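A short write-up of the structure that comes next.
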Amino acid sequence: MAEAALSKAGLPARDVGLIINASIDHRFFEPSGAHLVGRHLGVGSDAQLFDVRNACLGFLDAVTVAADRIEAGVVDVAIVVAAEAGGMRRAIDASIDAALEAGALTPELWVPLTMGCGAVAWVLCSSRVAPGAASIDRCLTRNLAQHSELCVGRIEDDGRLTVRANGAGILRQGVALVVTTFTEARRHGATLEQVFMHQVGAAHVKALEKALAFTLHPRGAVFRDLGNTGPVGMPLALARAADANGLRPGPVTLLGAGSGLSASVMSLTWGASS
């Protein structure tokens, strides 16, 4: 995925100064997933390689970290990657096993069944390298850490990966947090133009559309065929729209949310050459 993104950007691997892996699912405890991507791409020894994890908000957080490094002049080219696969499957299998053992599919066990798989990569560059491309204008993040146990994923003593979640609580508190975050971001210029968002399912999308009085971008829904792909969902929706020439130059709004709870609103200006 990262290799394809670099090729599309017309950049060689030697130009990459930073790789951040934002996946929830990690194949190894160590090394970081970014090192595996760096080895595959063949980046230079001066590239910075590390992971950023923050549940379903991890990718957007990693993008802000990469943008900060570029803005500070530390690097000119960065790649943010995420892939959700094997761990999601193990969580689904564990949920099914628990439901069969209990003889009932409780709301807590149902949540992992919405999960899916996906992968995405985003190449970020300084304006010197990519003049006229999309620009990140601002990003605002807020949290409700008092609700940190509404969704908990853990590795059990027997090695199973399990996810226990209060779906109704996440929907209620998560939507309220996104609304509060966007209300504040609007005072700094955020708009509801060409919206792409983290998405758990239809109820989540409809609740936010109603609360903020907007309509998700026509190409913005990925949950219908891929499920809840965690941090991959929102950037994947954006990438699909871009690949289909479905974005017009101007404002784009990214709404991110993740267990913890945290929410972010990122404002982009989509360039004619993006």
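In this structure, does residue 101 turn out to be charged (D, E, K, R), more than 17 Å from the chain's Cα centre (by Cα) and closer than 27 Å to residue 250 by Cα?
Details: charged (D, E, K, R): yes; more than 17 Å from the chain's Cα centre (by Cα): yes; closer than 27 Å to residue 250 by Cα: no.
No.
Say whether the condition of being of a type in the set (Gly, Ala, Ser) and either in contact with a Lys or Arg (Cβ under 8 Å, 6 or more places away or on another chain) or under 22 Å from residue 253 (Cβ atoms) (or both) is met by at least one residue in the stretch 155-172. Show your work before the answer.
Going through the stretch 155-172, the residues of a type in the set (Gly, Ala, Ser) turn out to be 159, 165, 167-169.
Retained after the next criterion (residues that are either in contact with a Lys or Arg (Cβ under 8 Å, 6 or more places away or on another chain) or under 22 Å from residue 253 (Cβ atoms) (or both)): none.
Looking through the stretch 155-172, none of the residues is of a type in the set (Gly, Ala, Ser) and either in contact with a Lys or Arg (Cβ under 8 Å, 6 or more places away or on another chain) or under 22 Å from residue 253 (Cβ atoms) (or both).
Which of the residues spanning the stretch 230-274 are β-branched (Val, Ile, Thr) and under 20 Å from residue 4 (Cα atoms)?
Here is the first cut: in the stretch 230-274, the residues β-branched (Val, Ile, Thr) are 232, 252-253, 265, 269.
232 - this is the single residue of the stretch 230-274 that is β-branched (Val, Ile, Thr) and under 20 Å from residue 4 (Cα atoms).
Output the qualifying pairs, or none if there are none: Cβ atoms under 8 angstrom, residues six or more apart or on different chains, first residue in the stretch 236-260 and touching a residue at least 12 places away in the same chain (Cβ under 8 Å), second residue among the basic types (Lys, Arg) and not in a strand (DSSP E or B).
Note: pairs meeting the criteria are 237/219; 240/219; 241/219; 244/219; 246/219; 246/240.
I'm trying to understand the selection: among the residues of the stretch 104-141, which are more than 16 Å from the chain's Cα centre (by Cα), modelled with pLDDT of 85 or more and farther than 17 Å from residue 81 by Cα?
126, 127, 128, 129, 130, 131, 133, 134, 135, 137, 138
Please verify whether residue 57 is farther than 12 Å from residue 77 by Cα, buried (at least 23 other Cβ atoms within 10 Å of the Cβ) and in contact with a helix residue (DSSP H, G or I) (Cβ under 9 Å, 6 or more places away or on another chain), treating the condition exactly as stated.
Numbers: farther than 12 Å from residue 77 by Cα: yes; buried (at least 23 other Cβ atoms within 10 Å of the Cβ): yes; in contact with a helix residue (DSSP H, G or I) (Cβ under 9 Å, 6 or more places away or on another chain): yes.
Here the answer is yes, as residue 57 does meet what is asked.
The rows are residues; the columns are (1) surrounded by fewer than 19 Cβ atoms within 10 Å (Cβ to Cβ); (2) of a type outside the set (Gly, Ala, Ser).
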| position | (1), (2) |
| --- | --- |
| 36 | yes, yes |
| 46 | yes, yes |
| 73 | yes, no |
| 79 | no, yes |
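Take residue 233 and tell me if it is touching a residue at least 24 places away in the same chain (Cβ under 8 Å) and either within 26 Å of residue 84 (Cα to Cα) or not in a loop (DSSP other than H, G, I, E, B) (or both).
Spelling it out, residue 233 is indeed touching a residue at least 24 places away in the same chain (Cβ under 8 Å) and either within 26 Å of residue 84 (Cα to Cα) or not in a loop (DSSP other than H, G, I, E, B) (or both).
Out of 62, 102, 66, 91, which single residue is hydrophobic (A, V, I, L, M, F, W, C), surrounded by fewer than 18 Cβ atoms within 10 Å (Cβ to Cβ) and not assigned by TED's automatic domain parsing to the domain that holds residue 155? Before the answer, list the steps.
Numbers: 62 fails: surrounded by fewer than 18 Cβ atoms within 10 Å (Cβ to Cβ); 66 fails: surrounded by fewer than 18 Cβ atoms within 10 Å (Cβ to Cβ); 91 fails: surrounded by fewer than 18 Cβ atoms within 10 Å (Cβ to Cβ).
On inspection, the qualifying residue turns out to be 102.
From the set of residues in the stretch 16-34 that are small (Gly, Ala, Ser) and touching a residue at least 40 places away in the same chain (Cβ under 8 Å), which is surrounded by the fewest Cβ atoms within 10 Å (Cβ to Cβ)?
Quick first cut of the stretch 16-34, residues small (Gly, Ala, Ser) only: 17, 22-23, 32-34.
Still in the list and also touching a residue at least 40 places away in the same chain (Cβ under 8 Å): 17, 22-23, 33-34.
Values: 17: 20, 22: 30, 23: 24, 33: 24, 34: 26.
Checking each candidate, the answer is 17.
Going through the stretch 236-256 one residue at a time, which ones are part of a loop (DSSP other than H, G, I, E, B) and either of a type in the set (A, V, I, L, M) or modelled with pLDDT under 90 (or both)? Talk me through it step by step, then tell me what you get.
Initial filter on the stretch 236-256 (part of a loop (DSSP other than H, G, I, E, B)): 244-249.
Those that are part of a loop (DSSP other than H, G, I, E, B) and either of a type in the set (A, V, I, L, M) or modelled with pLDDT under 90 (or both): 244, 247.
Check residue 124 against each of (1) crowded, with 19+ Cβ neighbours inside 10 Å; (2) in contact with a Gly (Cβ under 9 Å, 6 or more places away or on another chain) and name the one condition it does not meet.
Failed condition: (2).
The values are calculated or read from the model by the stated rules, or taken from the named source; none is laboratory data. As the structure is a prediction and not an experimental result, all values here were calculated from the model. Every residue, glycine among them, receives a Cβ derived from its backbone with ideal geometry; neighbour counts consider all protein chains shown.
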